[in-house]
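The values are calculated or read from the model by the stated rules, or taken from the named source; none is laboratory data. If you're wondering where the values come from, they're calculated on a predicted model, not measured in any experiment. A quick note on method: Cβ atoms are made from the backbone with ideal geometry, for glycine too, and the neighbour counts reach across all protein chains shown.
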Amino acid sequence: MSDIRFPKTTPELAERRHALAPAADDAFKAFSKAVFADGALDRRTKELIAVAVAHVTQCPWCIEGHVRAARRAGASPNEIMEAIWVAAEMRAGAAFAHSVKALDLMEDGDGK
């Protein structure tokens with residue numbers, strides 16, 4: 001499935017991005033490699049976290065890349081979907097939690 005609004009990354013685009021800012025590109029790649037290396041959390045767990053965060057940030061490239069990486073790391077479709085539901089609850093929960101701001105404004109009259 002392809003969406004014209006979200007072009008696929010190509011080797012040519014990656015090379016162009018690198019050519020425009022090679023130091024930053026290299027640093028980001030090294031940072032990403034370090035973050036996803038096994039540590040206190042294994043790669044599978046980190047990829048499930050990344051799947052959830054990708055859905056909250058709504059990045060289609062991140063969703064695609066991290067769902068595939070999670071599968072390669074051994075995550076099941078059920079685990080991936082459960083991570084997405086956790087993300088959905090957290091996003092909805094944030095809206096719900098922030099309602100206290102509106103309630104406060106309505107109570108003190110500043111919301112008029």
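Can you confirm whether segment 83-95 contains a residue that is acidic (Asp, Glu) and at pLDDT 95 or above?
Yes, that holds for at least one residue.
Please verify whether residue 9 is out of contact with any Phe, Trp or Tyr (no Cβ under 6 Å at 6 or more places or on another chain), in a helix (DSSP H, G or I) and β-branched (Val, Ile, Thr), treating the condition exactly as stated.
no
Out of 86, 67, 53, report the one residue that is in a helix (DSSP H, G or I), touching a residue at least 24 places away in the same chain (Cβ under 8 Å) and closer than 22 Å to residue 7 by Cα.
One residue alone meets the criteria, 53.
Within segment 19-42, restricting attention to residues that are part of a helix (DSSP H, G or I) and in contact with a Lys or Arg (Cβ under 9 Å, 6 or more places away or on another chain), which residue is farthest from residue 75 (Cα to Cα)?
By that ranking, first place goes to 25.
Say we look at segment 81-99 and pick out the residues that are under 16 Å from residue 45 (Cβ atoms) and small (Gly, Ala, Ser); which of these is farthest from the chain's Cα centre (by Cα)?
Looking at the filtered set, the residue picked out is 83.
Report, ordered by the first and then the second residue, all pairs with beta carbons closer than 8 Å, sequence separation of six or more or different chains, a first member in segment 18-46 that is at negative phi, and a second member that is of a type in the set (Phe, Trp, Tyr).
Hits for this filter: 43/36; 46/36.
Name, by its number, the condition in (1) surrounded by 15 or more Cβ atoms within 10 Å (Cβ to Cβ); (2) over 20 Å from residue 52 (Cβ atoms); (3) not basic (Lys, Arg) that does not hold for residue 106.
Only one criterion in (1) surrounded by 15 or more Cβ atoms within 10 Å (Cβ to Cβ); (2) over 20 Å from residue 52 (Cβ atoms); (3) not basic (Lys, Arg) is unmet by residue 106, namely (1).
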